[in-house]
1. Among the residues of the range B:68-79, what is the count of those that are more than 18 Å from B:Ala41 (Cα to Cα) and either part of a helix (DSSP H, G or I) or touching a residue at least 24 places away in the same chain (Cβ under 8 Å) (or both)?
2. Can you pull out every residue in the range C:29-50 that is of a type in the set (Val, Ile, Thr), within 14 Å of chain B (Cβ to nearest Cβ) and either in contact (Cβ under 8 Å) with a residue 40 or more places away in the chain or surrounded by 24 or more Cβ atoms within 10 Å (Cβ to Cβ) (or both)?
3. Out of (1) in a loop (DSSP other than H, G, I, E, B); (2) at pLDDT 95 or above; (3) under 19 Å from the mean Cα position of the chain (by Cα), what's the single condition that is false for A:Val141?
4. Quick check, is C:Ala22 away from chain B (no Cβ under 14 Å) and farther than 25 Å from C:Leu181 by Cα?
5. Residue under question is A:Leu187, and the condition is that it be touching a residue at least 60 places away in the same chain (Cβ under 8 Å), more than 14 Å from chain C (Cβ to nearest Cβ) and in contact with a Ser or Thr (Cβ under 8 Å, 6 or more places away or on another chain); does it hold?
6. Give the range A:51-78 a look and list any residue that's among the small types (Gly, Ala, Ser) and surrounded by fewer than 22 Cβ atoms within 10 Å (Cβ to Cβ), or say none.
7. Where residues in the range C:156-172 are part of a loop (DSSP other than H, G, I, E, B) and hydrophobic (A, V, I, L, M, F, W, C), which of them is nearest to C:Gly97 (Cα to Cα)?
8. Residue by residue through the range C:83-115, note down the ones that are aromatic (Phe, Trp, Tyr) and farther than 25 Å from C:Gly72 by Cα.
Amino acid sequence: MTIQYILELAGTFFFSLSGALASKPREQDWFGATFIGFITAIGGGSLRDVLLGSYPLVWISDIRFLYAILAGILVASLLYPALIKLRRTFFLFDTLGIAFFTILGTEKALRAGVAPEIAAMMGMFTAVMGGVIRDTLTNEVPIIFRKEIYATACLAGAVSYLLLNAIPLPRPASFLIASALIILIRLLAVKYRLSLPRFPGAEKE
Amino acid sequence: MTIQYILELAGTFFFSLSGALASKPREQDWFGATFIGFITAIGGGSLRDVLLGSYPLVWISDIRFLYAILAGILVASLLYPALIKLRRTFFLFDTLGIAFFTILGTEKALRAGVAPEIAAMMGMFTAVMGGVIRDTLTNEVPIIFRKEIYATACLAGAVSYLLLNAIPLPRPASFLIASALIILIRLLAVKYRLSLPRFPGAEKE
Amino acid sequence: MTIQYILELAGTFFFSLSGALASKPREQDWFGATFIGFITAIGGGSLRDVLLGSYPLVWISDIRFLYAILAGILVASLLYPALIKLRRTFFLFDTLGIAFFTILGTEKALRAGVAPEIAAMMGMFTAVMGGVIRDTLTNEVPIIFRKEIYATACLAGAVSYLLLNAIPLPRPASFLIASALIILIRLLAVKYRLSLPRFPGAEKE
């Protein structure tokens, strides 16, 4: 078991946990919460692998991922009152999660032999598309269309990872620096309410 | 032509028919109704096969499924007034449909070599995801997020099928018992308005 | 570089451009507009290839498509005020786009070995599903469910292409005639407000 494998399992657990906490359709029952946590945790990576045609999907071939997801949902339900008070902690976990999954996804796409531009996009997809699918299913406007720097931080991190690989730095160092960059951009964006320029023609709210 | 094959064609026909009857976006024209019936009928199985990477998809390699779908839509339009009065009959057909497709999907996933837990999930996906995709496209909240036992009945049936296979019972017997269990749970759930416990934090309506 | 390849790149550019112009979620920023343009441009073809299992997807293996998409978005932003006044020009570009992608998609599906009925459907998917996915993500009712002849024109063109291939006409001639038919149907439908008959039970608006 490599450190990367353990981190991937842990990231899946936290994505599932935050998915089960985040989305609150009315009268959501246990099945709905589990389904939502599951989609959030595996949606991004599954989309990446289906687009790349790289089978089998990791959660289908390795049953541990399913149990990491179920554990995330169980913890979400048991510790619900405490966790909801810890919103800041969860913002942090989500940020760690997208940082890690972006670089992991970029790396996996590179190994599948795609161009660096495509790999960066696949890294970003891995981190954000689970949430996009979740929001679409529950009729919410996905976070990436809201006025906030989120997916852009992932893209910036993925690009920096590719540049660092070209130096060449040892991969673990590139991994850490690029992840830190994503976390930094995201924290600064939320703290100083940074946003990207509006696209021409977009109505002001 | 095996009995399973004929049942699969018949199930596709009924799913398409109920899809064309169920969803009523305003001013829906023939194209829209056909598209919706089609998605309802093939969405779940297609998602399963794309996730498993098991190509070709059955409706792409066997043209009879397309004609079963078109027949379902034609019947829906011709007999519309009569069918709408038979709502109870249709509830029954839908219930037979999800029962059959759950077990069929579980069996197909098992044959693709996945773990039993994954196979049970794939069986449930086969039965319910066509409806989920349909509801998402037409901006409705998918039935599986509403307060009703639906997908959970499928999961219970899939799990019981896997347990029965371990006994070992002959497969047709397992198939029938597990399907009957799904139908029973669904009928009882609707009759006695059974629902799963709410997930912590879900608002009461 | 064949003419077909150049047309495919150009079509991708125009689909991306019209995607970036068409969809206006509130306060849309540069990332959102780019994402939407991207989905519009590659969604239909990607769905076709994932359903057919024909890997690698063209935009993943050929980086030029990504740059055609980015160029479409850049042009959309730079020339926004001028382009918005040219709505009629854009209706024309979109119509050329769906005509071209329908026949291209039909041809690709045929080469993948599917039945003609399936190929026609895949051609229509290629042309319209990018827009369907875009509308679903931004919580709009997809154009194909609105009261207008759109996807039906694509289907008619795809079927005529298959019939013309059976004559046998040289492929470029079939290509041109079938595309022209799609354009003609679409123009007439918009000019004379033609629509398909309503499906039984659809409410009048």
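The values are calculated or read from the model by the stated rules, or taken from the named source; none is laboratory data. Computed from a predicted model, the values in this text were never measured in an experiment. Ideal geometry is used to build each Cβ from the backbone, glycine not excepted, and the neighbour counts take in all protein chains shown.
1. Of the range B:68-79, the ones more than 18 Å from B:Ala41 (Cα to Cα) are B:78-79.
Narrowing the set further to residues that are either part of a helix (DSSP H, G or I) or touching a residue at least 24 places away in the same chain (Cβ under 8 Å) (or both) leaves B:78.
Number of matching residues: 1.
2. At the first step, the residues of the range C:29-50 found to be of a type in the set (Val, Ile, Thr) are C:34, C:36, C:39-40, C:42, C:50.
Those left that are additionally within 14 Å of chain B (Cβ to nearest Cβ): C:50.
Scanning the range C:29-50 gives no hits.
3. Among (1) in a loop (DSSP other than H, G, I, E, B); (2) at pLDDT 95 or above; (3) under 19 Å from the mean Cα position of the chain (by Cα), A:Val141 violates only (2).
4. Working: away from chain B (no Cβ under 14 Å): yes; farther than 25 Å from C:Leu181 by Cα: no.
Here the answer is no, as C:Ala22 does not meet what is asked.
5. Values: touching a residue at least 60 places away in the same chain (Cβ under 8 Å): yes; more than 14 Å from chain C (Cβ to nearest Cβ): yes; in contact with a Ser or Thr (Cβ under 8 Å, 6 or more places away or on another chain): yes.
Taking the combined requirement at face value, the residue satisfies it.
6. Step one: list which residues in the range A:51-78 are among the small types (Gly, Ala, Ser), which gives A:53-54, A:61, A:68, A:71-72, A:76-77.
Matches in the range A:51-78: A:Gly53, A:Ser54, A:Ser61, A:Ala71, A:Ser77.
7. Within the range C:156-172, the subset part of a loop (DSSP other than H, G, I, E, B) is C:167-170.
Narrowing the set further to residues that are hydrophobic (A, V, I, L, M, F, W, C) leaves C:167, C:169.
Details: C:Ile167: 26, C:Leu169: 23 Å.
Per the criteria, the residue is C:Leu169.
8. Hits for the range C:83-115: nothing passes.
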